[in-house]
1. Could we say that B:G83 is out of contact with any strand residue (DSSP E or B) (no Cβ under 7 Å at 6 or more places or on another chain), closer than 14 Å to B:E29 by Cα and surrounded by fewer than 16 Cβ atoms within 10 Å (Cβ to Cβ) here?
2. Going by the structure shown, is B:K76 at pLDDT 95 or above and within 14 Å of chain A (Cβ to nearest Cβ)?
3. For B:G143, are the conditions met, namely being more than 22 Å from the chain's Cα centre (by Cα), open to solvent by less than 20 Å² (accessible area, probe 1.4 Å) and more than 8 Å from chain A (Cβ to nearest Cβ)?
4. Any chance you could count how many residues in the stretch B:132-148 are more than 10 Å from ligand 1 (Cβ to nearest atom) and either of a type in the set (V, I, T) or outside the structural domain of B:Y182 (by TED's automatic domain parsing) (or both)?
5. What number of residues within the stretch B:13-38 satisfy the criterion of being within 21 Å of B:D86 (Cα to Cα) and open to solvent by 20 Å² or more (accessible area, probe 1.4 Å)?
6. Taking into account only those residues within the stretch A:81-115 that are at negative phi, part of a loop (DSSP other than H, G, I, E, B) and away from chain B (no Cβ under 13 Å), which is surrounded by the fewest Cβ atoms within 10 Å (Cβ to Cβ)?
7. Do we have any residue at all in the stretch B:166-173 that's open to solvent by less than 30 Å² (accessible area, probe 1.4 Å), more than 10 Å from ligand 2 (Cβ to nearest atom) and more than 10 Å from every other protein chain (Cβ to nearest Cβ)?
8. Could you tell me which numbered condition A:V14 fails, if it satisfies all but one of (1) under 21 Å from A:H273 (Cβ atoms); (2) part of a helix (DSSP H, G or I); (3) among the β-branched types (V, I, T)?
Amino acid sequence: MSFQEALNSGKFVVTAEVGPPKGTDIAALHHDIDILKDKVDALNVTDNQSAVMRICSLAICRIVLEHNAEPILQMTCRDRNRIGLQSDLLGADVLGIRNVLCMTGDHVLAGDHKGAKPVYDLESVQLLTAVDSLNNGRDMAGNGLKGGTHFFQGGVVTPEANPLAPQLAKFEKKIRAGAKFFQTQAIYDIDKFKEFMTFARRFPVKVLAGFVILKSAGMANFLNKNVPGIRVPEDLINELKAAGKEKALETGMDIAARHIRRLRDENICDGIHIMAIGMEDKVPVIMRKAGLL
Amino acid sequence: MIITQKKDRKELLENVKGYRSFFLLGCSECATLCGTGGQEQLDELKGLLEGEGRAVAGAFVAKTGCQVLGTKVELKKFKEELGKADCIIVMSCGAGTQSAVEMFEDKAVYPANDSMFLGNMTRLQMFDERCSLCGECILDKTGGICPVTTCPKGILNGPCGGTKDGHCEVSAEIPCAWVRIYERMEKTGRLEEFKAGTLAAKDWSASVKPRKLTAREEKKK
Ligand code: SF4
Ligand code: SF4
């Protein structure tokens, strides 16, 4: 079942992600893909995440396909103009990549090439429009294509954004631009997320709640302090703290499993996107704890 | 106005070390307001050069350094001083420097400043960039606040996920342009217009360099 079919089937969908490495040694990446591929419905491949230069998402998506797993091509607007983006999208299509996640992308100042020229010829909404146009056999300039693309395209949204109203307005613009699914920034406050979902359910789109595995109270505090749009509530931080150093990761995984169960059992959203960031082997453990395996 | 900053003086002196006699050219407009090309800065550089044993044949603050013809007329009375100088140091923006290059075909011309951006003076000698001269103004659609310039990503359709308590992910010193735009659209009763509209990708062909414009209408015969 493809990612799109899985979402449409009504099952609780699980996606995880792999981050292409910096350098050509991809042994660890092969290993991560193998751990995850039969467990999740699709694997996001990040695009020079945090503006740190690494292997391109496109090449690794192809490798994911070669492992018989389904990739979601993350595409940011930071490094390519509209010619480069459309050209890569055509290339992705002929390589058999079917899912694309359109994002504006972290600024180059967040990364390891701070002197690079940020492109942002397009941004997320316009990239979604471009994908829709390519799917319909035309490029952004209106030229006909000899063969259109076949993408299932999605976007990202930050339910904890402060202020929230402008973020929600943009969410609607993304839907109008053709987004079919959303993966959210990591959420930890399920009651608040439910409010967001009440809004999101008004639209014909699928939503996967984002979740970054918490391995300690320190990490939770770090996320709160440094990552815009992430808010780990105080009670979860206390729970991690109380677990002590030895048991913190275990507790973090329990929290993840508990959240996933609730999201699924209360039918709050359509699935979960687990960001393991180096702890890919923990994803199946969490899924088992949550009763998904 | 064009915001300029003084080049590091050591670097400047190094750049012009091969010349003996100088003419300093300032500008009474932006560069004076920025404190980079007014009388005071001319005197300062003159002192610096003379302290190094170099001659300053003359110095003048032009009315508008980027106005080529006007500056040329103003400089007529410095014919002698300019004749003595083998190098002209221009203390205005890059445009002013190039006015001098155009006027003095066979004389060395060096910039004393770095040109930074087009900005507004918010307080005395404090400047904010507000417009990047994109050639296709969309302020009519964004409540009068320019996202092309004041959002570091130039996003045209709402905030990215990096907004943190109304500030930009790039720096907590930058208010998020899209939060400002949203709030202004709300205050001015234009929220529906903002929500309903999606701005298409900009046409950057409107800013292909170098740009040229003839604003005067040719007189009908
Ligand atoms: S949209 Fe912004 S950059 Fe373009 S002309 Fe208007 S103010 Fe200047
Ligand atoms: S936080 Fe706001 S100003 Fe900063 S890049 Fe994102 S949208 Fe632009």
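The values are calculated or read from the model by the stated rules, or taken from the named source; none is laboratory data. Being a predicted model, the structure only gives us computed values, none of them experimental. So basically every Cβ, Gly included, is an ideal-geometry build from the backbone, and we count neighbours across all protein chains shown. Calculation scope for accessible area: heavy atoms of the full protein, side chains included, ligands and nucleic acids excluded. Shrake-Rupley method; radii C 1.70, N 1.55, O 1.52, S 1.80 Å.
1. For B:G83, the condition - out of contact with any strand residue (DSSP E or B) (no Cβ under 7 Å at 6 or more places or on another chain), closer than 14 Å to B:E29 by Cα and surrounded by fewer than 16 Cβ atoms within 10 Å (Cβ to Cβ) - is not met.
2. Answer is no for this residue.
3. Numbers: more than 22 Å from the chain's Cα centre (by Cα): yes; open to solvent by less than 20 Å² (accessible area, probe 1.4 Å): yes; more than 8 Å from chain A (Cβ to nearest Cβ): yes.
It is true that B:G143 is more than 22 Å from the chain's Cα centre (by Cα), open to solvent by less than 20 Å² (accessible area, probe 1.4 Å) and more than 8 Å from chain A (Cβ to nearest Cβ).
4. So in the stretch B:132-148, the residues more than 10 Å from ligand 1 (Cβ to nearest atom) come out as B:143.
Subsequent filtering for residues that are either of a type in the set (V, I, T) or outside the structural domain of B:Y182 (by TED's automatic domain parsing) (or both) retains none.
Here the count works out to 0.
5. Qualifying residue count, the stretch B:13-38: 7.
6. A:G115
7. There is no residue in the stretch B:166-173 that is open to solvent by less than 30 Å² (accessible area, probe 1.4 Å), more than 10 Å from ligand 2 (Cβ to nearest atom) and more than 10 Å from every other protein chain (Cβ to nearest Cβ).
8. Of everything listed in (1) under 21 Å from A:H273 (Cβ atoms); (2) part of a helix (DSSP H, G or I); (3) among the β-branched types (V, I, T), A:V14 misses just condition (2).
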